[in-house]
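So the structure is just underneath, and the comments pick up after that.
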Amino acid sequence: ELQVVATASAQQFGIRQYWSNAYTVDWGDNTLVEVLDDGGYGSAKHNYAAAGTYTVTLTSKLSQVQRWTWPEDNSDALLTDGDVADVSVSAFPAMRAFLAEGGRAEDGFFENFNSGGGLSSLPAGSFDLSAVTEVGDEFFIGFNESGTFTTLPAGSFDTSNITKAGDDFFSYFCVDCALTSLPAGSFDLSGLTEAGDDFFLQFNGYTTPLITTHSSLTSLPAGSFDISNITKVGDSFFDSFTANNLLTSLPAGSFDTGNIETAGDNFFSYFNFMGQLTGLPAGSFRLDKVESGGMGFFVSFNENGMLTSLPAGSFNFPRIESVPDTFFDGFNQNGQLTSLPAGSFRLEGIVSAGASFFDGFNEYGVLTSLPAGSFDTSNIVEVGIDCFNQFNYEGMLTALPDGSFDTSGIKLVDNGFFDYFNQFGAISYLPASFKWPADVLPTVDGFHSSFNSPGATLNVNVADLISNVGTPDERLYTFSPNQPGWDQLPANWQG
């Protein structure tokens, strides 16, 4: 049962339900129409002869009603009067009854519910999910995208009993929306053990830098986003979660990924891209049990973002042996991270890496040091293109840790391995472990072109640095004239 207000005579309203099967609509003006299933769609339109308030009643078996959908452009919404909707929802008894039955809620149940819509509030008691244990794909995708909800009712979005969710569970939930807060007790994911693709994709964020409008969420409720019991996730789990938006903090206990063993592509890519988060909660972003990670795992995680530190114990992945492309590509590119936690970014277990492994990791960034034991590449034997390309290009790193960047055991490299690694950068200290592979350059384009040209004056004799390396076929311009031993270099190494 819904209430509509017709503000003019001959005003048309429409209903469209997906996967609703047959239902009956009473338009509230003594017009009763049976709507038949039309290949999974049941649509009806009605013209009111006079202005007024009408109570519209839809009747169907609860077992047949699977979703209420407000399409993205709002042109064919559940109740609409065209370009300017004047719709008030007085109650959702059928919806509440369906949710109260519990069990599984099907795909797209509330897809685009208020996307681009005019609703500013919901009645008390609506969206009580406490009895729902399993949901299909796209459950709340686009729920309030570009919508006008400013608040959600107390007790809504209690997801604590959901144990399994499909793809796109809350993706685009509040992109460009007016919500300023979420109700206490909402978004408790502690019962969830498995999640599909795009679970919170762009929940509150954009990845398009040119977009200047933002969602209004500045905080998340206590107890929300507890994912500590999840062991398996699909692609783009938290991709762009708060990218280009206004969240400044995450609640204690949230984003504990310590039990996740398998993750798909773009797990946390663009998570805080151009975002306002300045810190992460203790215990978050632990990767201790992850055995396999997909492409773009943390690509551009804090690119142009305001994070200044990472929590202790985070970003350590001791079980990962092989990483695909763009694993940490642009991780802190132009970002505000000044340090990494002790024990993070240990690579000694990794034997092969795909393209752009750490491409642009601290490019234009303000990281000034790396933790002891990090970036031990001594066991890597194979890497893809642009592995450490522009790692500290115009960055603030001044030294590499002892034991790091020994790549002498690598047998197979690709183009751009160390290209522009410290070009215009501040690194002046290379550890004794810093070694390049021998006899691979003739087959590689730009192995370490402009590695340090121009860059800070290094602590090593650059002629000694290349003593074990084969003769390249191209002019590499690797070192600038300010380097010790520069005049001892072959001409094609001089930048």
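The values are calculated or read from the model by the stated rules, or taken from the named source; none is laboratory data. It should be emphasised that the depicted structure is a prediction, and the values quoted were computed from it without experimental measurement. Note that each Cβ is placed from the backbone with ideal geometry, even for glycine, and that neighbours are counted across all protein chains shown.
Annotations for the structure displayed:
- Selection within region 133-159 - more than 18 Å from the chain's Cα centre (by Cα), crowded, with 17+ Cβ neighbours inside 10 Å and among the small types (Gly, Ala, Ser): Gly136, Ser146, Gly147, Gly155, Ser156
- Of the criteria (1) modelled with pLDDT of 80 or more; (2) loosely packed, with under 15 Cβ neighbours inside 10 Å; (3) of a type in the set (Lys, Arg), which one Arg475 fails: (1)
- Enumeration of residues in region 446-472 that are under 12 Å from Asp419 (Cβ atoms) and at pLDDT below 80: Gly446, Phe447, His448, Ser449
- Within region 243-279, the set of residues being β-branched (Val, Ile, Thr) and more than 23 Å from Thr193 (Cα to Cα) comprises Thr248, Thr278.
Condition check ((1) touching a Gly at 6+ places or on another chain (Cβ under 9 Å); (2) of a type in the set (S, T, N, Q)) across all residues:
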position: Ser339; (1), (2): no, yes
position: Gly343; (1), (2): yes, no
position: Glu363; (1), (2): yes, no
position: Leu370; (1), (2): no, no
position: Phe375; (1), (2): yes, no
position: Asn379; (1), (2): yes, yes
position: Asp386; (1), (2): yes, no
position: Met396; (1), (2): yes, no
position: Leu400; (1), (2): no, no
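- Considered as a group, the residues in region 325-375 that are among the charged types (D, E, K, R) and surrounded by fewer than 20 Cβ atoms within 10 Å (Cβ to Cβ) include one that is farthest from Ser269 (Cα to Cα), and that residue is Glu348.
- Within region 244-267, the set of residues being farther than 13 Å from Leu280 by Cα and either surrounded by 17 or more Cβ atoms within 10 Å (Cβ to Cβ) or polar (S, T, N, Q) (or both) comprises Asn244, Asn245, Leu246, Gly258, Asn259, Ile260, Thr262, Ala263, Gly264, Asp265, Asn266, Phe267.
- When residues of region 167-194 are limited to those that are surrounded by fewer than 24 Cβ atoms within 10 Å (Cβ to Cβ) and β-branched (Val, Ile, Thr), the one modelled with the highest pLDDT: Thr193
- Among all positions in region 266-274, there is no residue which is at pLDDT 90 or above, closer than 26 Å to Asp188 by Cα and either part of a loop (DSSP other than H, G, I, E, B) or touching a Gly at 6+ places or on another chain (Cβ under 6 Å) (or both).
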